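S.K.: After the structure tokens below, expect a handful of questions from me.
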Amino acid sequence: MGRDVLETFLELCREVFPRENIMLIRGKVKGDRAEVNEFLIPPFSTYGEGFSSFPTHMMPFDLSIIGIAHSHPSDNNNPSDEDLNNFYGRLMVIAAYPYNAKTVAAYNSKGIKIEFTVV
Amino acid sequence: MRVNAAHIPRLFGLALLLFAAVEAVQMTFSIEGELISECGPGAQIHQVPYGAIMLQISGAVVLGSLMSYESSYVKNVARRFNACDLKRLFLGMVVTGGSVYNSGGKYCIRFYGKDHALHQVFSALSYELYRILPSILYIPERGSYMCQLYCKDAVLDIKELSPGTNARKGEVPTIEYILEGDWSIRNESMRVIMSVSGWVNPSLKRTGSGYSVTTKIGLGSSTPVQLNEEYQILAESLSLKLRSYSDSRYPDTAYLMTYDRDSCRTFLEMGGFVEDCTVKKGRYAGKEKNAVLKASLAIGGICFETPSSADNAVETGIRNSNFELTALLGRIMLG
């Protein structure tokens, strides 16, 4: 994941705090590795204080979207039941307060934390 | 303005209340006048009869509230239907959850159940039809309620409309009178019958990719076959596809049930169960039936990884049943 890409996501998380940010992850998956190129704002997304959502029927048909990133207003970056039930794509990125590189975590569809590096 | 008999007690209560208010205002002014005229060193201040005023006001309020006592559901149906149609609803309640006794010169209809809301409906319906407001008894040993209506007219009506409604003789009652009604009263009767004896049960089903919630609604458990067939005819006339099942342990009885989501949805669109009717047993005991039905229908098509996450989703749906869940269904929602 590029540093400037991550910073863009985190900046938006800070912007909507205390509400939760939600973004689509654009990138490439190669085997068991994924490369994140961009974060996209989903159309008609809703940023709530306990949730964030967007209508799936408005999602573009874009195979380069490999997951969803969102923020938690607390310092807990573990995925909730809702997060896992609504898992989309190959990975999920969760940023916790205070939204810096150390409070970001990535998960696979099983809810298992996966390593990521910022380059 | 036309005033029918049902409005008289309420108007009387309102008149009492207005009278008390006028009296209070008049008393206040007259005391004030006396105080001004007699204001002097030797003036005696009259004792203000606050007690009498308060007694009148509180009496009027109590009378007014007692006389305007009515279930909101019955208030609504009484506005829409005439007495004949209300009798259809009454018949539905008695056939499904009540019994009739008329031995030894006593004429009594009893209504049993664990839903206080339905007893309020029964009580208010009795008042609307026969001008008798039976009280609701709570039986702590059984955790249920009972409502006894001592009314000869009511008993004779039920015996005429459904001669078999007699718990002691074990005859089979009939709801033909309901089936003869028009669509709207059949719809309301189905709601009442389902509220008294119907049930909703979300259950988990293992699928290839996890667990999903299936919804089933049903009516009765050991209903006499003939009455069950009539229930089925009533349901079919309202586009509810309820299938008849029988339990081998109880011969000559049957019950209706469906897994069909469209039928469940149709029932919900009809108005669902009467408000505040609760699920009696199982995991969702105590929850409102409509909320459980809405929640299980809303998450019906979703696949969950674990049974507990499916249960949690139903629970969340029940808690948030005031929201229109279907509007949120086509969304990816993260918490």
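S.K.: When both residues are 6+ apart or on different chains and their Cβ atoms are under 6 Å apart, which pairs have a first residue that lies in the stretch A:51-69 and is facing chain B (nearest Cβ under 7 Å), and a second that is among the charged types (D, E, K, R)?
M.R.: Every condition considered, the pairs that remain are A:52/A:20; A:53/B:331; A:55/B:331.
S.K.: Being farther than 16 Å from residue B:195 by Cα and assigned by TED's automatic domain parsing to the domain that holds residue B:205, is that true of even one residue in the stretch B:268-283?
M.R.: yes
Results for (1) under 21 Å from residue A:116 (Cα atoms); (2) in contact with a strand residue (DSSP E or B) (Cβ under 9 Å, 6 or more places away or on another chain); (3) surrounded by 18 or more Cβ atoms within 10 Å (Cβ to Cβ), shown as yes or no for each residue.
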{"site": "A:43", "(1), (2), (3)": "no, yes, no"}
{"site": "A:53", "(1), (2), (3)": "no, yes, yes"}
{"site": "A:56", "(1), (2), (3)": "no, yes, no"}
{"site": "A:95", "(1), (2), (3)": "yes, yes, yes"}
{"site": "A:100", "(1), (2), (3)": "yes, no, no"}
{"site": "A:104", "(1), (2), (3)": "yes, yes, yes"}
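S.K.: Surrounded by 14 or more Cβ atoms within 10 Å (Cβ to Cβ), more than 19 Å from residue A:13 (Cβ to Cβ) and within 14 Å of chain B (Cβ to nearest Cβ): which single residue out of A:77, A:85 fits that description?
M.R.: On the way: A:77 fails: more than 19 Å from residue A:13 (Cβ to Cβ).
Just one listed residue meets the conditions, A:85.
S.K.: Do we have residue B:308 as under 30 Å from residue A:93 (Cβ atoms), more than 23 Å from the chain's Cα centre (by Cα) and exposed (fewer than 14 other Cβ atoms within 10 Å of the Cβ) here?
M.R.: Yes, satisfied.
S.K.: Taking residue A:117 as the residue in question, decide whether it is under 21 Å from residue B:303 (Cβ atoms) and surrounded by fewer than 17 Cβ atoms within 10 Å (Cβ to Cβ).
M.R.: On the way: under 21 Å from residue B:303 (Cβ atoms): no; surrounded by fewer than 17 Cβ atoms within 10 Å (Cβ to Cβ): yes.
So residue A:117 fails the test.
S.K.: Could you please let me know if residue B:212 is assigned by TED's automatic domain parsing to the domain that holds residue B:277 and at pLDDT 90 or above? Give the derivation first.
M.R.: Working: assigned by TED's automatic domain parsing to the domain that holds residue B:277: yes; at pLDDT 90 or above: no.
Here the answer is no, as residue B:212 does not meet what is asked.
S.K.: Kindly establish whether residue B:320 is within 9 Å of chain A (Cβ to nearest Cβ) and either surrounded by 15 or more Cβ atoms within 10 Å (Cβ to Cβ) or at pLDDT 80 or above (or both). It would help to see each step written out before you state the result.
M.R.: Values: within 9 Å of chain A (Cβ to nearest Cβ): no; either surrounded by 15 or more Cβ atoms within 10 Å (Cβ to Cβ) or at pLDDT 80 or above (or both): yes.
No: the conditions fail for residue B:320.
S.K.: Conditions: (1) free of Cβ contacts under 8 Å to residues at least 60 places away in the same chain; (2) more than 9 Å from chain B (Cβ to nearest Cβ); (3) crowded, with 21+ Cβ neighbours inside 10 Å. Residue A:33 meets all but one. Number of the miss?
M.R.: (3)
S.K.: Here's a follow-up. Do we find that residue B:256 is modelled with pLDDT under 90 and of a type in the set (A, V, I, L, M) in this structure?
M.R.: Judged against the criteria, residue B:256 is not a match.
S.K.: Let me ask another. Only one of B:197, B:212 is out of contact with any helix residue (DSSP H, G or I) (no Cβ under 6 Å at 6 or more places or on another chain) and hydroxyl-bearing (Ser, Thr, Tyr). Can you tell me which? Don't jump to the end; show me each part of the working.
M.R.: Values: B:197 fails: out of contact with any helix residue (DSSP H, G or I) (no Cβ under 6 Å at 6 or more places or on another chain).
It is B:212.
S.K.: So residue A:87 ticks every box in (1) at pLDDT 90 or above; (2) within 12 Å of the chain's Cα centre (by Cα) but one. Which box is left unticked?
M.R.: Against the list (1) at pLDDT 90 or above; (2) within 12 Å of the chain's Cα centre (by Cα), residue A:87 comes up short only on (1).
The values are calculated or read from the model by the stated rules, or taken from the named source; none is laboratory data. From a predicted model like this one, the values you see are computed outputs, not experimental measurements. For neighbour counting, all protein chains shown are included, and Cβ atoms are generated from backbone atoms with ideal geometry for every residue, glycine included.
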